[in-house]
Every structure is written in C-alpha cells, then in structure tokens.
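Heads up: the structure comes next, in structure tokens.
Just so it is clear, none of the values below were taken in a lab; they were calculated from the coordinates. Nothing here was measured: the structure is a model prediction, and the numbers come from that model. A quick note on method: Cβ atoms are made from the backbone with ideal geometry, for glycine too, and the neighbour counts reach across all protein chains shown.
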Amino acid sequence: MGDTQKITAHVPVELLHRARAATGKGITETVRLGLGLLASAKAAEGLRRLRGKLRLDLDIAELRRDRR
C-alpha cells in the first residue's frame, strides 16, 4: 500500500454510519474508499474539461498493423 498517515477527523456520526453501511467495511477502509472516490472524481472532472480540446491525429491502419 505504501506510506500511510494517521489522521484524526471529526465527522457526523450518521454520515459515518451510512458510509460504513454502504461499504460494508470498517472505518479505515470506508475513509480510504471515500478519499479514493473523491480523487477519482476530481481527475474525471479535469478530463471532462479537456473534452473536444485535444486534437488527435491517429492513423487507424498504422494502429492495426501494430497489433500483429
């Protein structure tokens, strides 16, 4: 998993109960999943902003030759 950091966080009890019920996991794993989802959503938002702004010049025939 790599490096970890111990944190103290004050969260609403009901939110934590709902999140744990949704994941079926303990507090640590639930927090990890939530943070991972937040990071993924932010990355996806950045990609959506690029939509239509990148010009790709692809040669389909060349890509297919590369598969062989």
Under a straight-distance cross-link criterion of Cα-Cα below 20 Å, which aspartates and glutamates are reachable from residue 25, leaving out those fewer than 8 residues away in the same chain? 14
Could you name the aspartates and glutamates whose alpha carbon sits less than 19 Å from that of residue 6, not counting residues in the same chain fewer than 8 places away? 29
What distance in nm separates the simple spin-label points at residue 57 and residue 9, each placed 7 Å from Cα in the Cβ direction? 4.6
Size of the dipole of the chain about the Cα centre, Lys and Arg at +1 and Asp and Glu at -1 on the beta carbon, nothing else charged, in debye to 20? 220
Helix 13-23 versus the longest principal axis of the chain: what is the Cα-based angle in degrees, 0 to 90, to the nearest 10? 50
Place +1 on the Cβ of every Lys and Arg and -1 on the Cβ of every Asp and Glu in the range 13-67, take the dipole about the Cα centre, and give the residue among 24, 47, 61 whose Cα lies farthest towards its positive end. 47
Can you list the residues, at least 5 places off or on another chain, whose amide H is less than 5 Å from the amide H of residue 25, using H built in the peptide plane? none
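Could you work out the Kirkwood radius for the range 13-67, taking every pair of different alpha carbons, averaging 1/r and inverting it, reported in Å? Let's see the in-between values first.
On the way: mean 1/r = 0.0681 Å⁻¹.
Kirkwood hydrodynamic radius for the range 13-67: 14.7 Å.
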